[in-house]
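One structure below.
The values are calculated or read from the model by the stated rules, or taken from the named source; none is laboratory data. Because the structure is predicted, anything quoted here is derived from the model rather than measured. Heads up, the Cβs are rebuilt from the backbone with ideal geometry, glycines too, and the neighbour counts pull from every protein chain shown.
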Amino acid sequence: MSRTPAPPPKPPAGHGLLQGKTVLVTAAAGTGIGFAVAKRCVEEGAAVMLSDRHERRLGEAASELGGPKGPLPHRACDVTVEEQVRGLVDAALAEFGHVDVLVNNAGLGGYARVVDMTDEQWAQVLDVTLTGTFRMTRAVLPHMLERGSGVIVNNASVLGWRAQEGQSHYAAAKAGVMALTRCVAMEAAESGVRVNAVSPSIAMHDFLAKVTPPGLLEELTSREAFGRAAEPWEVANVVVFLASDYASYMTGECVAVSSQHP
C-alpha cells in the first residue's frame, strides 16, 4: 500500500551523553553516517578526531564541525593500509592521551551479480569493509585493554541478516563485521571493553544516491514502515547510545536501525 511518508523529525538536542570522552571516527568526511556520528558526538560533549581517505573532504568536515574554535583534529587514513591505520591510532593517542571510543564506519559497497563479479570487486569490498574494521580494532584494542575501559562501535548492515540481489560481497562483508563484533566482544569483556555494532537498513545521503542503481533506493525505501529512509543522524544517535555509559551492559550486540521487517 503506497503512502505519503511523514517528514523526518528534527534532531534532538545534545544531553552530554559523551561529556569528557574522546572519540575516533573513520570515514567521517562527506554527508554520510560517519560525518553524522562525528557531529552528534561533538554535540554530546565528546572530543572528536576525524579520519577519512579523502583528504580534501576530510579537511572540510573538520572545519565545519570545529566551527569558530578551528578544525577538529583529523588525519587521512586508508583502512586498507596497515601503516596508515597504525599512524592514525598513534596520532589519536598523541592528540588525546587515550581513546575512549572507536567508531569503525569505513565501508565500501557497490552492485554486482555473482556471475559478473570479479575477484577484484569481491576483494576490495571485503578489504575495506571487513578487514579494515579488523585492522582498526586490532590497532586500538591493546590500548583499551591496558586501560581497562573503552568502547568500539562498528557499522554493520541489515544485509548481514537479509538477502538482496547484487549485494553478495557487501552482505558477506557486513555479516563478517557482525561476527567480528561478537567475537572481539568476548575477548575484551574481561578487561571492561565493550564492542557492539549498528546495522542500518537505509540511510539517505548524497554519496549513496550516486552509487546506487536507478530505482533501487525508491524500492528499498518503500519497504520501510515509515515510508522513508533514515536520516544519517538517526543512525548516529544509536551509535552515540552504544558509545555512552547508558549501554554499559551491552556488548557483542548488533542493533538494527531499521523500520523494515522481513
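When you check T129 against the structure, is it of a type outside the set (K, R) and either touching a Cys at 6+ places or on another chain (Cβ under 6 Å) or more than 28 Å from S191 (Cα to Cα) (or both), yes or no?
No: the conditions fail for T129.
What do you reckon, is S258 at pLDDT below 95, in contact with a helix residue (DSSP H, G or I) (Cβ under 7 Å, 6 or more places away or on another chain) and of a type outside the set (D, E, K, R)?
For S258, the condition - at pLDDT below 95, in contact with a helix residue (DSSP H, G or I) (Cβ under 7 Å, 6 or more places away or on another chain) and of a type outside the set (D, E, K, R) - is met.
Mind checking which residues of the stretch 30-59 are in a helix (DSSP H, G or I), over 15 Å from P11 (Cβ atoms) and either among the polar types (S, T, N, Q) or touching a Pro at 6+ places or on another chain (Cβ under 9 Å) (or both)?
Listed by number, the residues that qualify are G34, G59.
Being of a type in the set (V, I, T) and either assigned to a helix (DSSP H, G or I) or farther than 21 Å from V257 by Cα (or both): is that true of V99 here?
Judged against the criteria, V99 is a match.
Each row is one residue, and each column tells you yes or no for (1) touching a Cys at 6+ places or on another chain (Cβ under 9 Å); (2) among the hydrophobic types (A, V, I, L, M, F, W, C); (3) closer than 23 Å to F241 by Cα.
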site: P5; (1), (2), (3): no, no, no
site: T26; (1), (2), (3): yes, no, yes
site: G30; (1), (2), (3): no, no, yes
site: C41; (1), (2), (3): no, yes, yes
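Being surrounded by 13 or more Cβ atoms within 10 Å (Cβ to Cβ), among the basic types (K, R), touching a helix residue (DSSP H, G or I) at 6+ places or on another chain (Cβ under 6 Å) and over 22 Å from A188 (Cα atoms) is true for just one of R75, R86. Which residue is that?
On the way: R86 fails: over 22 Å from A188 (Cα atoms).
Answer to the selection: R75.
Of everything in the stretch 60-80, what is assigned to a helix (DSSP H, G or I) and either more than 17 Å from the chain's Cα centre (by Cα) or free of Cβ contacts under 8 Å to residues at least 24 places away in the same chain (or both)? Give them in sequence order. Before the answer, list the steps.
Restricting attention to the stretch 60-80, the residues satisfying the condition of being assigned to a helix (DSSP H, G or I) are 60-69.
Hits for the stretch 60-80 are E60, A62, S63, E64, L65, G66, G67, P68, K69.
Kindly provide the set of residues from the stretch 110-150 that are in a helix (DSSP H, G or I), loosely packed, with under 14 Cβ neighbours inside 10 Å and of a type in the set (A, V, I, L, M, F, W, C), ordered by number.
If the condition is that a residue be in a helix (DSSP H, G or I), loosely packed, with under 14 Cβ neighbours inside 10 Å and of a type in the set (A, V, I, L, M, F, W, C), then A123 is the only one that fits.
Go through (1) within 19 Å of V23 (Cβ to Cβ); (2) among the acidic types (D, E); (3) under 16 Å from the mean Cα position of the chain (by Cα) for E146 and report which single condition fails.
Here E146 clears every test but (3).
Which of the residues belonging to the stretch 232-257 are surrounded by 21 or more Cβ atoms within 10 Å (Cβ to Cβ) and in contact with a Ser or Thr (Cβ under 6 Å, 6 or more places away or on another chain)?
Once the filter is applied, which keeps residues that are surrounded by 21 or more Cβ atoms within 10 Å (Cβ to Cβ) and in contact with a Ser or Thr (Cβ under 6 Å, 6 or more places away or on another chain), the stretch 232-257 yields only C254.
Being more than 18 Å from V184 (Cα to Cα) and not in a helix (DSSP H, G or I) is the requirement here; does Q164 meet it?
Working: more than 18 Å from V184 (Cα to Cα): yes; not in a helix (DSSP H, G or I): yes.
Considered against the rule, which asks whether it is more than 18 Å from V184 (Cα to Cα) and not in a helix (DSSP H, G or I), Q164 comes out as yes.
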